[in-house]
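Okay, structure first, notes after.
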Amino acid sequence: MAEKAPAKKTKKSTKESTKSLKSKIESLENDLQKKSEELEKVSDKNVRLLAEFDNYKRRTQDEKSKLLKYAGKELAKAILPILDDLHRTLDSDGKGKARSILDGIELIVAKLDKTLEEQGIATFDSVGQDFDPDVHEALMSEESKKGKNVILKELEKGYTYNDIILRHAKVVVSKG
């Protein structure tokens, strides 16, 4: 009979180990379920972030293309009143004296210079300065007592736009 007692212990320990294994399985299944939900949340978050980034890229590309397309809008708006003044001068019946027409054109030119300067476009002086190929374009050279490579005449003014050369000054340079 001594042998039967250990058999009962085995049945009890088997039931306990089965219960223990079942609870471990349930615990692992719960952990797996939680991890699956977390993974799904992270995956969903990543998909949303990717979509948000794509929208951001598209929006910035649209803004950039509009900015480039309409970059000259303010300059054009600033020049229109000057163009109107020129049209009015041309439409005048011509009965005015030549001097008054010339005075009107001088005012219009001054207004245009001021408008361009307000937009960041300015002229630079070249006469009397040394020739610099970065800002000047030599069209001719003449004999002079002023020294070599000194600018004698300016045929066309040079212009800068903010800090870049918009147009090189076309000049006559001394031979020396």
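Derivation of every value follows stated rules applied to the coordinates shown; laboratory data play no part. Fair warning: this is a prediction, and the values are worked out from it, not measured in the lab. We place every Cβ from the backbone using ideal geometry, glycine too, and count neighbours over all the protein chains shown.
Numbers at a glance
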read-out	value
Gyration tensor verdict on the stretch 72-119 (Cα atoms; rounded if a/c is under 1.5, prolate if a/b is larger than b/c, oblate otherwise)	oblate
Rounded to whole Å, sorted largest first: equivalent-ellipsoid semi-axes of the chain, Cα gyration tensor	91, 27, 8
Segment Thr18-Leu90, length gained on full extension (0.36 nm per residue, minus Cα span)	15.3 nm
Overall Cα dimensions of the stretch 15-79, principal axis frame, Å, largest first	96, 12, 6
Distance from the stretch 134-169 to the stretch 47-98 (C-alpha centre basis), Å	31
Subset of Lys114/Lys157; Lys66/Lys114; Lys34/Lys57; Lys97/Lys153; Lys41/Lys64; Lys114/Lys170 violating a 25 Å alpha-carbon distance limit	Lys66/Lys114; Lys34/Lys57; Lys97/Lys153; Lys41/Lys64
Stretchable slack from Ser100 to Glu37, in nm (0.36 nm times residue separation minus alpha-carbon distance)	14.1 nm
Using alpha-carbon coordinates, inclination of helix 98-118 to the longest axis of the chain, degrees	20
Cα-based Rg and Dmax for the stretch 122-176, where Dmax is the largest Cα-Cα distance (Å)	10.9, 35
Simple spin-label estimate for Ala78 and Lys175 in nanometres, 7 Å along Cα-Cβ	4.3
Among Gln129, Val42, Leu166 - extreme Cα towards positive end, dipole of the chain, charges at beta-carbon	Val42
Calculated log₁₀ intensity ratio I(q)/I(0) where the Debye formula runs over C-alpha points of the stretch 42-114, q = 0.17 Å⁻¹	-0.76
The chain, helix-only ellipticity at 222 nm - DSSP H runs n ≥ 4, -39,500 (n - 2.57), divided by all residues, nearest 500	-22000 deg cm²/dmol
Normalised contact order of the chain, rounded percent, pairs of Cα under 8 Å and 6 or more residues apart	15
